[in-house]
Amino acid sequence: MNKLLVVLTALLLSACVSTSSQLDVPSQIKYHNKTYQMATGQDLGSVARYIYLSKPDTLEKWQSQIELLLDRNKQDRDIKERITLRERIYRNTDVASFKLIPIRNEKTNKDEGLKGYVIYAPTDKEPSWQVNIMMGKEIPQCGFVQFQYSQKVKNSRRLNNKKVLQHLKKYLIEKEMKILGKMDWQWYCQSLK
């Protein structure tokens, strides 16, 4: 009887450990008085991402989009490690400017998320600036969940890159960071067996 109880307990515990999480993804998201419909979703096992667009945008041609990301955090990275990894990647790619800041829980005094932005300069293939503003949180028994709003901004031939970056930070990023800071967190996970 005791052996059977031990075996059943072990099976139950292993089932709990092997349960994976799935982001409870909505079919649409309302943001900036626009409705963004899910355009695509991709679950690669350790990471899942979902892209939302508003009409008439398409995946090939868009002006603004929303991305929900679930990193199931199988590497068990904390927020500081996550920020360090991203900063290293951004420095080694064509990112014009970026800033990532940890979000600290005042009650526990621990980092529970991050917020920030990434700016991509125009290229021959993409003539607009792309600004990604993000906020992500570590969700227990789920992983790291991130909401990202991306917007394309036409390149100004009258301003040099330094002036454009200043303009984007002052008039787009600061405004969006305030909106994200006030936004109710509405993304959670459900367990799958």
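Remark on residue 24: its backbone amide H falls under 5 Å from those of 188, 189, 190, a criterion applied only to residues 5 or more positions apart or on other chains, H modelled at 1.01 Å from N. Straight-line reach from residue 175: which aspartates and glutamates fall under 18 Å, measuring Cα to Cα and dropping same-chain residues less than 8 apart? Filter leaves 184. In this structure, the amide hydrogen of residue 39, modeled 1.01 Å from its nitrogen in the peptide plane, lies closer than 5 angstrom to those of 51, 52, 53, counting only residues at least 5 positions away or on a different chain. Based on the Cβ-Cβ distance of residue 101 and residue 188, what FRET efficiency does E = 1/(1 + (r/R0)^6) give at R0 = 22 Å, to the nearest 0.05? FRET efficiency, residue 101 to residue 188: 0.45. Using the Cβ of residue 142 as centre and a radius below 11 Å, the other residues enclosed give a net charge of -1, where K and R count +1 and D and E count -1. Listed values for the stretch 112-118 are Karplus-derived 3J(HN,Hα) couplings in whole Hz (6.51 cos²θ - 1.76 cosθ + 1.60, θ = phi - 60°), namely 10, x, 9, 9, x, 8, 9, and x replaces Gly and Pro.
Applying the Karplus relation 6.51 cos²θ - 1.76 cosθ + 1.60 with θ = phi - 60° to the stretch 125-131 yields 3J(HN,Hα) values of 6, 10, x, 9, 6, 10, 10 Hz, where x marks Gly and Pro. Computing FRET efficiency as 1/(1 + (r/R0)^6) for residue 33 and residue 161, where r is the C-beta to C-beta distance and R0 is 35 Å, gives about 0.70. Listed by chain and number, the lysines placed with their C-alpha closer than 18 angstrom to that of residue 110 are 80, 137; residues fewer than eight positions away on the same chain are left out.
We did not get these values from a lab; they are worked out from the coordinates using the rules stated. Because the structure is predicted, anything quoted here is derived from the model rather than measured. Neighbour counts run over all protein chains shown; Cβ positions are idealised from the backbone, glycine included.
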